[in-house]
1. Do the conditions hold for residue 173, that is, is it in contact with a Leu (Cβ under 9 Å, 6 or more places away or on another chain), of a type in the set (Val, Ile, Thr), surrounded by 21 or more Cβ atoms within 10 Å (Cβ to Cβ) and within 19 Å of residue 99 (Cα to Cα)?
2. Among the candidates 141, 114, which residue alone is more than 30 Å from residue 34 (Cα to Cα), assigned to a loop (DSSP other than H, G, I, E, B) and assigned by TED's automatic domain parsing to the domain that holds residue 77?
3. Out of 130, 161, 134, which single residue is within 14 Å of the chain's Cα centre (by Cα) and among the polar types (S, T, N, Q)?
4. Out of the stretch 7-26, which residues are among the hydrophobic types (A, V, I, L, M, F, W, C), buried (at least 17 other Cβ atoms within 10 Å of the Cβ) and touching a strand residue (DSSP E or B) at 6+ places or on another chain (Cβ under 7 Å)?
5. Does the stretch 54-64 include one or more residues that are in the same structural domain as residue 181 (by TED's automatic domain parsing) and in contact with a strand residue (DSSP E or B) (Cβ under 9 Å, 6 or more places away or on another chain)?
6. What are the residues in the stretch 200-252 that are surrounded by fewer than 17 Cβ atoms within 10 Å (Cβ to Cβ), more than 18 Å from the chain's Cα centre (by Cα) and of a type in the set (D, E, K, R), if any?
7. Does residue 149 qualify as being in contact with a strand residue (DSSP E or B) (Cβ under 8 Å, 6 or more places away or on another chain) and more than 30 Å from residue 222 (Cβ to Cβ)?
8. Here's a check for you: in the stretch 192-210, which residue that is touching a strand residue (DSSP E or B) at 6+ places or on another chain (Cβ under 7 Å) and assigned to a helix (DSSP H, G or I) is nearest to residue 161 (Cα to Cα)?
Amino acid sequence: MIHESNAFPGIAVKMLAKKTDTILVSFKEAIPRIKKANNIVCTGTPVKIKKQEYTQQKKQEILQNIGITDEKPIVLVFGGSQGAQKINEAILGIIENKANKDYQIIWASGPKQYDIIREKLEEKNIHIKTIPNTKIVPYIYNMEEIMNISDLIVSRSGAMTITEISNLGKASILIPLPNVSNNHQLYNAQVLENVKAAKIILDKDLQESNLNQTITEILKNNQTKQMGENALKASTQDVENTIYKEIQKLVK
C-alpha cells in the first residue's frame, strides 16, 4: 500500500503503481494521473488540525493571547515552518506602507527570517512588536486555534496545508512553491481554486500590490464565507478510519 498526498503524484508512486495492491490518494484529482494501478482509493490525508467551534469567550482568550482584537478581519500568513521569503517580502511591503488599515495580519515569518524582518522594519523606524493591526511571530505553536479564528489564509500550497485549509473551511490565497517536482504545489492549489475556495498568485508574480489587492477584494466583497463553504466541499471526512479499513482489506 502507498499513500500519495499531492494532487500530482510523484515519480515513486507512478513507478510502483503496477506492483502495488492499493494506492491511497488525498485528492480525487490524482486518480487519473496514476496509470495502470490495481486499485486507487481517495481517502484524504490525516492531519492533526481539525475544525473547531469556539465559544466567544474562548475566541477572545485566543485573540488576547496573540495580541489582536476581533474588530477587523484576521488574515493569517505563513510559509511553512521556516517561512517563505517571497511571501515575507510582500507582507513586509504591506506593513511598511500601512496598507492593512482595514484588516489585521497574524504573520508567522519563520525563525530564520524573524530577525531579518525585525532589522528591516527598524530601518524604517517601525518596532516589530508595536505595529498597528499586525502581530509578527517567528512560529505559531497553537496553529489549530489561530487557523480556526482566522478569516483568510495566505500560504504556500503543500498537501498538508491544502488538506487543513479545506477541512477547516477557510478562504485562502495560495502562492505555490516554485521549482518543486512536477510543480505539484500548483496542482494542489488548483484543487481549491477549481471549487472557488482559493485565489492563486504565482510566486514569480507575487508583489505587495497584487497581494494586498486580492486580500482587500476578498474581504470587502464578503467572499470569505462562501469561499470557506466551497473549501469544505474539497475536504474528506473520517480519513483515519477510511485508511484503517483499506489496510484491513489488504491484510485479510
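1. yes
2. 141
3. 161 is the lone residue from the list that is within 14 Å of the chain's Cα centre (by Cα) and among the polar types (S, T, N, Q).
4. 13, 17, 23, 24, 25 - these are the residues of the stretch 7-26 that are among the hydrophobic types (A, V, I, L, M, F, W, C), buried (at least 17 other Cβ atoms within 10 Å of the Cβ) and touching a strand residue (DSSP E or B) at 6+ places or on another chain (Cβ under 7 Å).
5. Within the stretch 54-64, one or more residues are in the same structural domain as residue 181 (by TED's automatic domain parsing) and in contact with a strand residue (DSSP E or B) (Cβ under 9 Å, 6 or more places away or on another chain).
6. Passing the criteria: 204, 205, 217, 220, 238, 240, 245, 249, 252.
7. no
8. The extreme case among them is 192.
The values are calculated or read from the model by the stated rules, or taken from the named source; none is laboratory data. Keep in mind that what you see is a predicted model, and the values were worked out from it rather than measured. When we count neighbours, we look across all protein chains shown, and the Cβ atoms used for this are built from the backbone with ideal geometry, even at glycine.
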